[in-house]
Structures are given as C-alpha cells and as structure tokens.
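The values are calculated or read from the model by the stated rules, or taken from the named source; none is laboratory data. Quick caveat, the model's predicted, so the values are computed rather than measured. Cβ placement follows ideal geometry from the backbone for every residue including glycine, while neighbour counts extend to all protein chains displayed. Each accessible area value is taken on the protein alone, full model and side chains, heavy atoms only, with ligands, DNA and RNA left out. Shrake-Rupley method; radii C 1.70, N 1.55, O 1.52, S 1.80 Å.
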Amino acid sequence: MPRIRAEDLAIEFPLYHVGARSLKKRLLARTPLRLKQDESNRVVVAALRGLSFGIDRGERVALVGGNGAGKTTLLRTLAGIYDPVAGRLEVEGSVGSLIDPAAGMDQSSTGRENILLRALYRGMDDAEAEEMADEVGRFSGLGEFLDVPVRSYSAGMQVRLSFAMATVIAPEVLLMDEWLLAGDADFMQRAKERLVELVQGADILVLATHDLAVVREWCTRAIRLEGGRIVADGPVAEVVDGMARGAPVPAEG
Amino acid sequence: MLQSTIAPSPSQTVLYVADAARPRRLERALEDISTGFARWRLAAALARLDIRNRYRGSVLGPFWLSLSTAVMVVALGLLYSTLFTLPLGEYLPYLSVGLIVWGLINQTVTDACESLISAEGIIRQLPLPYTVHALRCVFRNAAVAAHSLPLILVVFAVFGHLPGPEALLAFAGLALVGANAFALSIVLGMVCARFRDIPPIVGSVLQLAFFMSPVLWKPELLGDRRVWLPLNPFYTLMETVRGPLVEGGAPGVVWLSAIAFTLLTCASAFAFFVRFRGRIAFWV
C-alpha cells in the first residue's frame with residue numbers, strides 16, 4: 001500500500017568550491033543557522049534537518065514555505081535522487097515526479113522521438129511506448145508538429161508536450177513542484193482537467209507550491225518548511241491560516 | 001475525459017528505502033549495475049542522440065572522423081617510414097592499427113571524464129541508475145570507433161596485408177578496451193564530477209602516454225629497455241589489438257599486463273562506486 005515514512009531525515013549540500021579559509025570563516029560567522037562544517041571540515045548547507053513525518057494513502061499534502069525552505073529538495077529526496085546523510089526514508093508505491101517536466105528533453109529530436117525517449121527513460125516496452133506516443137500526441141494537440149524538431153516549437157508548444165509527457169502515466173505517489181500551467185486558454189482548460197484526474201487518481205500527492213489558493217483547493221494537509229525544518233504540520237486550514245496571520249517561525253534550536 | 005492516462009505497470013510498484021544509518025551500499029550498487037545493464041536500450045538511444053547532435057547539420061557527420069583519421073595515417077605513414085627508413089608496405093599497417101586504436105583509447109578516456117558531468121541535468125531531475133550514464137558513454141565511443149576501425153581493413157587491402165587466424169584475438173583485445181571504457185566511465189566520471197581539475201590532468205597524461213608508447217615507433221628501437229614497456233597499460237591494451245592484426249599475435253606478457261590492468265580498473269571502479277554512489281547527485 002502506498003505510503004511515505006520519514007524519520008529524522010537530513011540532507012546536506014556540501015559547498016565544494018568554498019576552499020579559502022577566510023571565506024569559509026566569514027560564511028560560517030555570518031549565518032550560523034544553515035551553514036555549518038561537517039566532520040571532514042567541509043562547509044555544508046543543511047537543506048533539510050530532522051524531518052519526521054508519515055504520509056498515508058489518500059492524503060494530499062502541500063509543502064509550503066518561503067524560497068529556500070527545502071521544498072524542492074524534499075521532493076527530490078522523495079523521488080530517490082538525493083541520498084539522506086542522516087535519518088531514514090521509506091517510500092512505497094510507484095513514484096511519478098513532475099519536478100521539472102522538461103528534464104531529459106532533446107531539443108533537436110522531433111516531438112515523437114522525444115516521447116519514445118521518455119518512454120525509455122521510464123523503462124517501458126515498445127507496446128507501452130507506442131501507447132504513450134498516441135496518447136501524448138492526442139492530448140498535446142500538436143498534430144503535424146509532432147514530427148518537427150522540438151527546437152522549432154514555441155514556448156507554449158514545448159510546455160504542452162512536456163506537460164502531456166509528464167502526466168500521461170498515473171503514478172500511485174505523485175510528486176509535483178508548483179503548478180505548471182502555461183499555454184493557450186484551450187490547453188489550460190484541458191491541462192486542469194488532466195491534473196484533476198491525475199491528482200484524484202494518485203494515492204498520495206505531495207505538492208510544493210507558493211500558491212495558497214491552490215493549497216486550499218487541492219490539499220488536505222499542509223507541511224510548512226522553514227530553513228529546512230518542519231515548523232507546522234496539520235490540516236490545511238490550520239497551517240495556511242497560521243501563515244496568513246504571520247505566525248512567527250519557532251526559534252531555531 | 002475518461003481514462004486518458006495510462007496506468008503504471010505493476011512492476012513499477014516498488015519500495016524505496018534510504019537509511020543513513022544502514023546505507024546498504026553494496027546491495028544498492030549491485031542493483032544499480034544490474035538495472036542499468038537491463039536498461040541498455042535507453043543508454044543506446046541516448047548515445048545515438050549524442051552522436052547525432054554532435055554532427056547536426058554536418059554533411060559528412062561522423063565520417064569526418066574517418067576522413068581525418070585516413071589523412072593522418074597516410075601523412076604520418078609517409079613521414080615516419082622515411083624517418084625510420086622502413087618500407088611503407090610494412091610500416092603503414094602497423095601505424096594505421098596503432099593510430100586508430102590509440103585514437104579510440106584517447107577519445108574514450110577523455111570522454112569518460114565527462115560521463116556524469118554531462119548528464120547533470122538528468123541526474124538531478126530523474127532517478128536513474130548511474131550505470132546508464134556510464135553505458136551511454138561507452139556506447140557513444142563505440143559508435144565513433146565504428147567509423148574509424150574499418151579503415152584498418154582498407155589499409156590492409158591496399159597493402160595486401162593478410163593476418164592469420166590469430167587476428168581473431170583482436171576482438172578479445174577490443175573487449176578488454178570496452179571493459180576498461182566502462183570501468184573508467186564510472187571511476188573517472190565520479191572523480192571528475194567531484195574534482196574538476198582532473199579532466200585537464202587526464203588530458204596531459206594521455207598526451208604524454210602517446211609519445212611514451214610505441215604508436216609511431218617500434219618497440220625494437222628501445223633495445224634492451226623494452227622489457228619495461230609492459231608496465232605501460234596504454235601500450236599493452238593497444239597491443240592486444242595491434243599484435244594479433246599485424247605482428248602475428250601479442251606476447252603473453254602483454255596480455256597479462258592488459259588483463260591485470262583491466263581487473264584493476266574494474267575493481268577500483270566497483271569499490272569507488274559502492275562507496276560513493278550516493279554522493280554523485282551532490283557532486284554533479
């Protein structure tokens with residue numbers, strides 16, 4: 001059964017190119033909160049610190065918080081891209097990530113070639129790839145442009161293609177970064193319908209966003225991150241209203 | 001809008017566990033390698049795109065490489081056969097195999113440094129086995145080599161050089177080169193992702209190795225000191241291909257050295273991969 005468990009999860013990004021000692025000292029002196037030195041004397045940014053939470057089937061969780069709070073890092077960690085430096089993470093179920101839908105797109109290949117490439121990225125067999133190509137072609141409405149290199153697409157057409165490719169598979173655990181809504185009005189409508197379908201079909205949704213209206217509309221639970229820590233976790237109304245009232249961020253420990 | 005999305009195949013339902021206290025490094029590295037090889041079609045497709053994009057809009061495309069190699073072989077062949085006073089018919093087959101195999105080794109090692117750095121955009125966005133990126137690097141170099149290796153046959157045909165059945169051993173030599181290419185794509189890819197000073201160092205080492213190895217010159221010219229040559233892995237790897245093709249086979253010590261070096265690179269690549277695999281996403 002799809003579920004996510006995190007215990008005391010931590011991610012640190014080493015700043016490899018901070019070599020000079022004086023620069024190191026200055027960095028560490030000025031912002032002692034998230035920059036620190038690890039045991040091998042490297043300066044690291046504590047991107048996520050001591051996160052513990054569980055997400056169960058049926059939950060739609062919004063990750064909220066300011067820039068650099070760790071929302072995207074958490075999504076990437078859930079997707080299996082970053083290995084935690086401390087703590088434990090368990091994700092059960094097929095994971096689909098809409099973190100950067102344009103990732104892995106080859107600009108000089110045609111739309112159709114890109115769809116088949118994406119199918120390979122996902123480890124699909126030929127029959128599944130064909131099915132995916134048909135569905136993406138139909139949904140994106142690109143028509144004859146499917147056989148033209150992506151390089152010559154307009155920005156809106158590229159978004160349509162990458163959106164269609166990213167959302168054609170219905171995963172059990174859906175990880176999303178912001179809402180990727182661009183394109184013409186007709187497509188916006190269809191994109192919204194597709195997202196509703198995807199969100200409702202997924203057993204678990206984890207969505208990182210700044211848009212509180214979207215959070216209220218879509219999510220049942222919100223986790224507020226600040227400085228890489230969870231500062232609030234609970235029903236949307238509680239957390240979001242706390243943010244709107246400007247509830248103080250609990251003091252750093 | 002009914003059922004416009006495709007349900008995931010059941011095989012995709014997985015349990016992902018990452019535990020910093022119990023990293024299971026060996027298990028996860030082995031899993032990476034096995035799933036990476038199982039997905040060789042993705043690596044091949046990406047390698048094909050790499051080649052196509054590199055030569056986009058060019059008329060001859062990768063055949064420019066065949067052409068430039070051919071020009072180089074002929075020019076250096078004429079020059080050095082005069083300098084060494086060797087008959088062209090004897091020297092050119094030797095030189096052509098040496099230059100072409102050296103080119104293959106040189107280009108593969110240089111490219112191995114970029115195997116992970118060049119995949120940065122994918123590594124940080126999509127969870128994929130890292131083995132796929134190393135395989136991609138091997139495949140794209142194999143594709144480039146496929147445009148220069150056939151020149152050897154042309155040279156052999158022009159000079160009527162017909163190797164004996166031992167020539168088949170050259171395939172074993174190419175397999176050794178391939179194994180090294182994979183291992184180096186992993187270990188150099190990782191080291192170069194972490195320390196960005198390594199690629200220029202590798203470039204200098206390769207250039208030095210070219211002059212220190214008997215590519216243009218023959219090992220006999222070293223006299224008694226040629227006994228030290230098998231310590232040069234670049235030479236022995238190249239010789240496992242050149243020996244069978246032009247010299248009626250390579251000496252046992254050359255094979256021994258080449259195989260020992262291959263085992264060494266594979267073992268160090270594996271050890272490095274097991275230990276630092278989890279750090280790659282932070283390095284690129």
Worksheet item: Pairs, please: C-beta under 7 Å, at least 6 apart or cross-chain, first residue more than 10 Å from every other protein chain (Cβ to nearest Cβ) and in the stretch B:117-132, second at pLDDT below 90?
Response: B:I117/B:V284; B:E120/B:V284
Discussion item. Can you pull out every residue in the stretch B:161-177 that is over 12 Å from B:P244 (Cβ atoms), in contact (Cβ under 8 Å) with a residue 40 or more places away in the chain and over 23 Å from the mean Cα position of the chain (by Cα)?
Written reply: B:H161
Worksheet entry | the stretch B:143-153, residues that are surrounded by 19 or more Cβ atoms within 10 Å (Cβ to Cβ) and part of a helix (DSSP H, G or I) | B:V144, B:A145, B:L151, B:I152
Worksheet item: Checking B:S268 against (1) surrounded by 19 or more Cβ atoms within 10 Å (Cβ to Cβ); (2) modelled with pLDDT of 95 or more, which single condition isn't satisfied?
Response: (1)
Practice prompt. Please specify each residue of the stretch A:59-88 satisfying the condition of being in a loop (DSSP other than H, G, I, E, B) and more than 19 Å from A:T209 (Cα to Cα).
Written response: A:G80, A:I81, A:Y82, A:D83, A:P84, A:V85
Worksheet item: Quick check: is even one residue across the stretch B:81-94 among the aliphatic types (A, V, I, L, M), farther than 19 Å from B:F210 by Cβ and within 14 Å of another protein chain (Cβ to nearest Cβ)?
Response: no
Worksheet item: What are the residues in the stretch A:78-87 that are out of contact with any Pro (no Cβ under 8 Å at 6 or more places or on another chain) and either without any contact (Cβ under 8 Å) to a residue 12 or more places away in the chain or more than 8 Å from chain B (Cβ to nearest Cβ) (or both), if any?
Response: A:L78
Worksheet item: Which ones in the stretch B:49-73 are facing chain A (nearest Cβ under 10 Å) and of a type in the set (K, R)?
Response: B:R52, B:R56
Worksheet item: Could we say that B:G36 is more than 14 Å from chain A (Cβ to nearest Cβ), in a helix (DSSP H, G or I) and either hydrophobic (A, V, I, L, M, F, W, C) or surrounded by 15 or more Cβ atoms within 10 Å (Cβ to Cβ) (or both) here?
Response: no
Discussion item. Condition (residue is among the hydrophobic types (A, V, I, L, M, F, W, C) and away from chain B (no Cβ under 12 Å)) applied to the stretch A:123-137: is it met by at least one residue?
Written reply: no
Practice prompt. Could you check how many residues of the stretch A:88-103 are open to solvent by 20 Å² or more (accessible area, probe 1.4 Å) and facing chain B (nearest Cβ under 8 Å)?
Written response: 6
Worksheet, complete the sentence: Output for Cβ contacts, cut-off 7 Å, separation at least six or different chains, first residue closer than 22 Å to B:F272 by Cβ in the stretch B:24-45, second open to solvent by 80 Å² or more (accessible area, probe 1.4 Å) and small (G, A, S), reads none
Worksheet entry | Those residues of the stretch B:189-231 which are open to solvent by less than 30 Å² (accessible area, probe 1.4 Å) and within 30 Å of B:T131 (Cα to Cα), in sequence order | B:G189, B:M190, B:C192, B:A193, B:V202, B:L206, B:A209
Practice prompt. Kindly indicate whether any position in the stretch A:140-157 is in contact with a Pro (Cβ under 7 Å, 6 or more places away or on another chain), within 12 Å of chain B (Cβ to nearest Cβ) and either surrounded by 14 or more Cβ atoms within 10 Å (Cβ to Cβ) or of a type in the set (D, E) (or both).
Written response: no
Worksheet item: Among the residues of the stretch A:107-115, is there at least one that is of a type in the set (D, E, K, R), open to solvent by 10 Å² or more (accessible area, probe 1.4 Å) and within 8 Å of chain B (Cβ to nearest Cβ)?
Response: no
Item to complete: For the stretch B:183-202, state whether one or more residues are closer than 27 Å to B:P87 by Cα, more than 14 Å from chain A (Cβ to nearest Cβ) and assigned to a helix (DSSP H, G or I).
Response: no
Practice prompt. Would you check if there is a residue in the stretch A:195-204 being crowded, with 21+ Cβ neighbours inside 10 Å and more than 11 Å from chain B (Cβ to nearest Cβ)?
Written response: yes
Discussion item. For the structure I just gave you, tell me whether A:D186 is assigned to a helix (DSSP H, G or I) and either more than 17 Å from the chain's Cα centre (by Cα) or among the β-branched types (V, I, T) (or both).
Written reply: yes
Worksheet item: Counting only residues that are hydrophobic (A, V, I, L, M, F, W, C) and closer than 19 Å to B:M238 by Cα, which one in the stretch B:45-98 is surrounded by the most Cβ atoms within 10 Å (Cβ to Cβ)?
Response: B:V97
